[in-house]
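For reference, the structure is listed below as structure tokens.
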Amino acid sequence: MAYDHRGIEKAAQEKWAQLDLYRTDLSDVSKEPYYLLAEFPYPSGDLHIGHWYAFAVTDIYARMLRLRGKNVLFPIGFDAFGLPAENAAIKHGLDPKEWTYKNIERMRSQLMSMGASFDWSKEVIACDPSYYQWTQWLFAKLFEHGLAEHREAAVKWCPKDQTVLANEQVIDGTCERCGTEVQEKRLTQWFLKITNYAERLIEGLDTLPWREEIKEAQRAWIGKSEGAYLTFDLTSDSRGRTQESVKVFTTRPDTIFGATYIVLAPEHPLVAALLEDLGNADEVQAYVERTRKKTERERSENKEKTGVELKGVSALHPATNEQLPVFVADYVLHSYGTGAVMAVPAHDERDAAFAEKFNVPVRDAQPATWEALTAMGAQRTTQYRLRDWLVSRQRYWGCPIPIVYDPSGTPHAIPAEHLPWLLPTDVDFKPTGEAPLASSKELKERVTNIFGAGWTPEYDTLDTFVDSSWYFLRYLDPKNPHNFSDAALMKKWLPINRYSGGSEHTTMHLLYARFFMKALYDLALVPVDEPFTERFNRGLIMGPNGQKMSKSKGNVINPDHFVDTYGADAVRLYLAFIGPYNEPGSYPWNLDGVAAMRKFLERIVRCAERAQEEIPVPDSVAQAIAHASLKVATDGDRFKFNTGVAALMTLLNEFENIPPPKAAMRSFAILLASFAPHLAEHLWERLGGKGSVQQASWPAASRAAAEEGEVAVQVDGKRRGSVHISLSASETDAARAARELPAVAAALAGKDPARIIYVPGRIINLVPEA
Ligand SMILES: [Zn+2]
């Protein structure tokens, strides 16, 4: 039995390269465009099983779409700035650039060995000056429009990496990269004003056909809360009624009659302003000092409530004029709301715990009406938990922030003609807490030469999440020296049809990229304000013992070993079969799983060897092919490759019971071609197929076999009912059926929708003109 996977895979890859099969002609209008995106990898240098899961399985879908007649863009690139290169430089004295490009070269050949059908002509590399020139240009645009700001703020600091972190990079109070407990520092840093977009980032989710848990995670992260500001005047024992008042934010203004005390965050400016009125100023000052050493996380988690009453000062209840005690306590954070709260122990657990400890009364009172609240001057407002995105890093291997400071210290964007603003090479990499770029003589001289004496460079580099916020735009025109992308191609290819990635990016990369798109849309630089129509978070491949793979646990699966023994096709099939790709599950690696797939492939080879030329395809076989063709395609559209593989197994059983006709085996090879592309290519040639199997047409699905299902119908993101239609119904047919629903017709009021978002078998959303 000859199934020489090494020879077969090598030959197939050479044939595809020769035919240049996967280069996408982006201007082709004869076929429907489909932009399939997988998150670009960091060039760590070795492909692990997570990479295989990310790219080999997405590749199955890319191939399937091509066979089904779509013009598919399936690009790849490298998210190539970041700490590991710099750490290698510090630890082993390597050049970060050389280290990175060497890794990229190695990963390229590994990705090719997996048989992935990337269009390499569209490759982007984030650390390449031809790419970061445009990261800088876009940053300068944001700066010019007030969306990038240089200001002092309390920031999270990783003492090990010696750099600031974005809020999103702090997980349970520790650095997302190295696990070190983060500290807080006050530093002047660069921020992107993502908070300007808080409301639109929430609203935009409504019309997206994403899984509800992804949307919910983003909503929770943005943390919208509606409430009101209330103002409490202050009296002092020594001065009587003062000029000062405390403004509080509350999500429950109606509980105001239950308020029994006021709490200020230790950083609240009133604490310092009131010190001379206090009978216990020393005690209060000492408390404020102690708080400074704690992180926000310690403060919000602290089970034991601490605080100090401001003796000699009280707050006047705006309705009853009752004198309420005022405390300073660290469970109130200065960064949330106004940094002051009215405490209602009858309604709030934390307030209740505090009230018990400090012996403040608890009062259960009638809720206040809005009329009563308006009479007190209550002012309705909305607060968000989201903070502006801190993007400056005191590290070397990143995109230089394209800013220079004039002699008075005012920042200016570096004019476009000086971009790319190159990363200097004469630097000391050792982290000192100061940015490594500050050690470059060349950079200082460059600034003096261009801008004049007294001008100084910005020494920080950009968070790598800025690089990855727009890379999918560059794929459309990666070599354009005059613009970040091409306007006509963006119009044709955006939004991206489907984006697959890791669930850890839900509240970081995925949120940043949406913000970027909205900001660029407002600057008229891109044609749409949501970048990704569909988003799928893939699951995790676990070690054979069901635990997360890690070197210390000794349960790391090395894909190279399996590829060498069983072939890339068997590994691809196994990853497709391991579980549904459209839900974030975790799948333990079964040590016999790849071997079982290998056996399945060997059965296919044996069956093909028995194929006979001149016999007609029996009706039952034709029907089985039509059924499998539909099943594999519709399951593929739902990213359920596991059941697609199962359908192929069923089909093979049919063939094993008969002398299989060659024509039928060729259809089988086409259906197999997405999952096991190398073997399918080999069989295709043996069975007398012309050209490459990847250029063949998908076998027709019979109407009789068509499966139907419920498709939810929305108008502008609101559910208006559902229709029972074929899972393979076209967008036009699905829209027609949806518009027959009375509720939909009423909501559209006779107008044609301006945009249709359609995911076959799941949802159709008709979006009217705004
Ligand atoms: Zn760290």
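The values are calculated or read from the model by the stated rules, or taken from the named source; none is laboratory data. Everything quoted here is computed from the prediction, not taken from an experiment. Cβ coordinates were reconstructed from backbone atoms using ideal geometry, including for glycine residues, and neighbour counts include every protein chain displayed. The accessibility values were calculated without ligands, DNA or RNA, using every heavy atom of the protein model including side chains. Shrake-Rupley method; radii C 1.70, N 1.55, O 1.52, S 1.80 Å.
The table below gives the values:
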quantity: Counted residues, the stretch 123-146 - those being closer than 23 Å to His482 by Cα and outside any helix (DSSP H, G or I); calculated: 7
quantity: Unmet requirement for Ala166, which otherwise passes all of (1) small (Gly, Ala, Ser); (2) surrounded by fewer than 20 Cβ atoms within 10 Å (Cβ to Cβ); (3) within 16 Å of the ligand (Cβ to nearest atom); calculated: (2)
quantity: Within the stretch 230-274, considering residues that are among the aliphatic types (A, V, I, L, M) and more than 42 Å from the chain's Cα centre (by Cα), the one modelled with the highest pLDDT; calculated: Leu234
quantity: Qualifying residue in the stretch 143-156 (condition: more than 30 Å from Ile256 (Cβ to Cβ), open to solvent by 10 Å² or more (accessible area, probe 1.4 Å), within 14 Å of the ligand (Cβ to nearest atom) and modelled with pLDDT under 95); calculated: yes
quantity: Selection within the stretch 176-204 - within 30 Å of Glu216 (Cβ to Cβ), open to solvent by 20 Å² or more (accessible area, probe 1.4 Å), within 16 Å of the ligand (Cβ to nearest atom) and in contact (Cβ under 8 Å) with a residue 40 or more places away in the chain; calculated: Arg177, Glu181, Glu184
quantity: Only listed residue being within 25 Å of Ser667 (Cα to Cα), in contact (Cβ under 8 Å) with a residue 12 or more places away in the chain, crowded, with 18+ Cβ neighbours inside 10 Å and of a type in the set (Lys, Arg), chosen from Arg6, Arg66, Arg23; calculated: Arg66
quantity: Matching residues in the stretch 726-762 - criterion: being at pLDDT 90 or above, open to solvent by 60 Å² or more (accessible area, probe 1.4 Å) and in contact with a strand residue (DSSP E or B) (Cβ under 8 Å, 6 or more places away or on another chain); calculated: Arg739
quantity: Cβ-Cβ under 9 Å pairs, at least 6 apart or on other chains, the stretch 149-172 side free of Cβ contacts under 8 Å to residues at least 12 places away in the same chain, far side within 14 Å of the ligand (Cβ to nearest atom); calculated: Ile171/Gly179
quantity: Qualifying residue in the stretch 132-139 (condition: buried (at least 18 other Cβ atoms within 10 Å of the Cβ), of a type in the set (Ser, Thr, Tyr), over 21 Å from Gly337 (Cα atoms) and within 16 Å of the ligand (Cβ to nearest atom)); calculated: no
quantity: Selection within the stretch 69-94 - part of a helix (DSSP H, G or I) and touching a residue at least 24 places away in the same chain (Cβ under 8 Å); calculated: Leu83, Pro84, Ala85, Glu86, Ala89, Ile90
quantity: Where Asp233 falls short, out of the listed (1) under 28 Å from His412 (Cβ atoms); (2) away from the ligand (no atom under 16 Å from the Cβ); (3) of a type in the set (D, E, K, R); (4) assigned to a strand (DSSP E or B); calculated: (1)
quantity: Test: residue in the stretch 523-542 that is among the basic types (Lys, Arg), within 30 Å of Pro420 (Cα to Cα) and in contact with a helix residue (DSSP H, G or I) (Cβ under 8 Å, 6 or more places away or on another chain); calculated: no
